[in-house]
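The values are calculated or read from the model by the stated rules, or taken from the named source; none is laboratory data. Given the structure is predicted, the values throughout are model-derived calculations rather than measurements. Heads up, the Cβs are rebuilt from the backbone with ideal geometry, glycines too, and the neighbour counts pull from every protein chain shown. The protein model used for the area step is the full one, side chains on, heavy atoms only, and it has no ligands, DNA or RNA in it. Shrake-Rupley method; radii C 1.70, N 1.55, O 1.52, S 1.80 Å.
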Amino acid sequence: MGNAKSQMNIDTQDSKVVSVVPVKEKKLMDVKIGELPSWKLMWDFTPKGIAGTFQREHERLHKYH
């Protein structure tokens, strides 16, 4: 019976899986409120970064049309 109890502890630990996705790769809807400042600071505000963002979005929109 002690073995069953230890198995139950393992199962409860497995149910508390924490997301290991880096904040930088999360979409806005997946970011927790506490992560917002660090998520926003990871954006690339250089002209090259902004142009790359527009280019990726343009490619994404025209991929299926």
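Can you name the helices (runs of 4 or more DSSP H) wholly within the chain that have at least 1 residues being in contact with a helix residue (DSSP H, G or I) (Cβ under 7 Å, 6 or more places away or on another chain), modelled with pLDDT of 75 or more and open to solvent by less than 100 Å² (accessible area, probe 1.4 Å)? Give the steps one after another, and end with the answer.
Numbers: elements: 2-14, 36-41, 47-62.
Per the criteria, 36-41.
Starting from region 21-37, take each residue that is more than 19 Å from Glu57 (Cβ to Cβ) and list its partners that are hydroxyl-bearing (Ser, Thr, Tyr) and surrounded by 10 or more Cβ atoms within 10 Å (Cβ to Cβ), counting only C-beta distances under 9 angstrom and pairs at least six apart or across chains.
That search, which allows pairs on different chains as well, returns Val23/Ser38.
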